[in-house]
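Participant: Input: one structure, supplied below.
Values in this text are rule-based calculations from the coordinates and carry no lab data. Computed from a predicted model, the values in this text were never measured in an experiment. When we count neighbours, we look across all protein chains shown, and the Cβ atoms used for this are built from the backbone with ideal geometry, even at glycine.
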Amino acid sequence: MKNYDRKRWTVLLAAVMMVILACPATVLAADGEAATPAVYATFWSLVPPVVAIVLALITKEVYSSLFLGILVGALLYSGGNFEGTVNQIFSGGMISVLSSGSNVGILVFLVILGTMVCLMNRAGGSAAFGRWASKHIKTRVGAELATILLGVLIFIDDYFNCLTVGSVMRPITDQHNVSRAKLAYLIDATAAPVCIIAPISSWAAAVSGFVPGEDGMSVFVKAIPYNYYALLTIVMMVSMVLMKEEFGAMGVHESNALKGDLFTTAARPYASGEGEGPVNPRGKVMDLLIPIISLVICCVIGMIYTGGFFSGTDFVTAFSQSDASVGLVLGSFFGLVITILLYMVRRVLSFRDCMACIPEGFKSMVPAILILTFAWTLKSMTDSLGAAEFVAEMVKSSADGLVNMLPAIIFLVACFLAFATGTSWGTFGILIPIVVHVFENTPGDLMIISISACMAGAVCGDHCSPISDTTIMASAGAQCDHVNHVSTQLPYAIVAAVVSFVTYIFAGFIQSPLCLIIGVALMMGAMLIVKLRFSDLKNE
């Protein structure tokens, strides 16, 4: 009955949205075709992602929710014209995003990683590592801390982080009855938040390129102590693990995991692919470690190669101007070749078995690929409607207000933009040049603090958004239902966001790196409240 009611409400909500949107769209379309849609750079440009996000959280069904968001965007763009709507969905949307070299590179990287995970499972490397870990990791806390540590160590790229940490730690956290939702949170909270404070990462390279007229890498390093959301998320995550406390929907998932149910809901999009095929009992820990280490080294080499390192460019510059998508594809390909050669030399897998893992790896990543494709298409809709320009104009108009409050305001604007569009890098590109222009003649560290607020807000919004590619990757890495991951992570991200916002208010007036101490104190106070309020969850 509940499923029937949910479907009925979904259809009703979608119908109401179509009627509401058709009113302005039809009127605006009466003037004929225009170079840009009549609702360009207005509030309407943010409606499509809002529709998709709200529907996903209400219905717990991500594919149809994303598609309805895409449909709303196409209707607004075309002014209600049927032909224009269809063309915008496919030609201007899905086909366009799948024609992007960087997007295709990410999909190829996903497939190769899925293949490598399948190979490691078939060769018995994952099982051997699980047996080794069971002798050294005795508790749930130990399993969670090991996940965090590995996530911090793999700071090169968030995509690489999500899939690698998930594939390595999933058997261990399963063994200690850590819910898939908690694993997805640990992965997500050590992906973007760690990459955005690591000077040698694809994220540092992206931010450095968005700072016009400044030494981008120097600005990035100076901004690290002010990147409150990233730093406080790590503090919060470790505190929650050590205190053995959870709250919100995560508490339900963890309670059920202690009883043996790692998923809580019936949605198990990856469960059918788990354990398929025979596992070699002769597998050793080296059959997992050598592929992972090879993958890390090859991906680093691939990234600096795309940045011109082997043409004479220094390492830092090469990393800052690298093409992460191409570099990760090149690195993962050579990591895959090394893995196949290793298993054939060790005779744990035949060549035929290795080749059989390629379609299996692809199948394991189909849910992530579908969600990513829809999310990219939805982002292209918001871009075509001028969402970025609308938000940028809002920031410019608020710059003449209270200057010392601007870091906190910029943090909120970046949160909202990244949440609505599902992209933190896009948020960097929109807001950081504006921040530099507004604060270029301002004394003190206010420009650095504001740039950091932009980065922190972008990561926060990206962390919360169901249509964020990093969030999607974390779900894939943990093999967790995507909506479960979003709904359990959201309360945690909101707590970190509120504490970060308050800390940015202090930073705007004090303008000192010591404000981080205030932020940590506020976060520990929030954790104490959680401890007192939600102490009913019993852990081992």
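Participant: Suppose R0 equals 51 Å; then what is the FRET efficiency for VAL279 and PHE310 from their Cβ-Cβ distance, rounded to the nearest 0.05?
Facilitator: Given R0 = 51 Å and the Cβ-Cβ separation, E is 0.85.
Participant: Something else now. Under a Cβ-Cβ cut-off of 14 Å, what is the net charge of the residues other than GLN489 that fall near it, where Lys and Arg count +1 and Asp and Glu count -1?
Facilitator: -3
Participant: So for each of 187-194, 357-364, 62-69 I average, over its residues, the number of other beta carbons within 10 Å; can you give me the resulting order with the highest mean first?
Facilitator: By packing density, highest mean first, the sequence is 187-194, 62-69, 357-364.
Participant: Pull out a ≥ b ≥ c, the square roots of the eigenvalues of the alpha-carbon gyration tensor of the stretch 408-475, then state rounded if a/c is under 1.5, prolate if not and a/b is larger than b/c, and oblate in the remaining case.
Facilitator: In terms of gyration-tensor shape, prolate.
Participant: Hey, if you drop one equal point scatterer on each alpha-carbon of the stretch 35-187 and run the Debye formula without solvent, what base-10 log of I(q)/I(0) do you get at q = 0.16, 0.18, 0.20 Å⁻¹?
Facilitator: Taking Cα atoms of the stretch 35-187 as identical point scatterers yields -0.98, -1.08, -1.19.
Participant: What net charge do the residues around ASP261 carry, taking every other residue with its C-beta under 12 Å from that of ASP261, with Lys and Arg at +1 and Asp and Glu at -1?
Facilitator: Here the charged neighbours net out to +1.
Participant: Taking the C-alpha atoms of the stretch 64-138, how large are the radius of gyration and the largest Cα-Cα span, Dmax, in Å?
Facilitator: Just the Cα atoms of the stretch 64-138 yield Rg and Dmax of 21.4, 64 Å.
Participant: Kirkwood Rh over Cα pairs of the stretch 222-351 into Stokes-Einstein at 37 °C, 0.692 mPa s: D in µm²/s?
Facilitator: In µm²/s, the coefficient rounds to 171.
Participant: Could you list which residues have their amide H under 5 Å from that of GLY124, counting only those 5 or more apart in sequence or on another chain, with H placed in the peptide plane?
Facilitator: Result for GLY124 returns ASN280.
Participant: How much net charge surrounds SER452 when only the other residues with a Cβ under 10 Å from the Cβ of SER452 are counted, with Lys and Arg +1 and Asp and Glu -1?
Facilitator: Neighbourhood net charge equals 0.
Participant: Next up: Sort largest first and round to whole Å: the equivalent ellipsoid semi-axes of the stretch 450-499, each the square root of five times a Cα gyration tensor eigenvalue.
Facilitator: They are 21, 12, 7 Å, listed from largest to smallest.
Participant: Also, I was wondering about something else. For a quick protection proxy, order the peptides 405-415, 367-377 by their average other-Cβ count within 10 Å, most packed first.
Facilitator: Order by mean packing, descending: 405-415, 367-377.
Participant: Pairs LYS60/LYS379; LYS284/LYS363; LYS135/LYS284; LYS182/LYS284; LYS182/LYS259: which exceed 23 Å Cα-Cα?
Facilitator: The answer is LYS284/LYS363; LYS182/LYS284.
Participant: Can you pull out the GluC sites (Glu not before Pro) in the stretch 32-124 whose DSSP state is coil and whose Cβ has at most 11 other Cβ atoms within 10 Å?
Facilitator: GLU33
Participant: To continue, here is another question. Applying a 10 Å radius around every beta-carbon, put 348-356, 169-177, 457-465 in order of their mean neighbour count, most first.
Facilitator: 457-465, 169-177, 348-356
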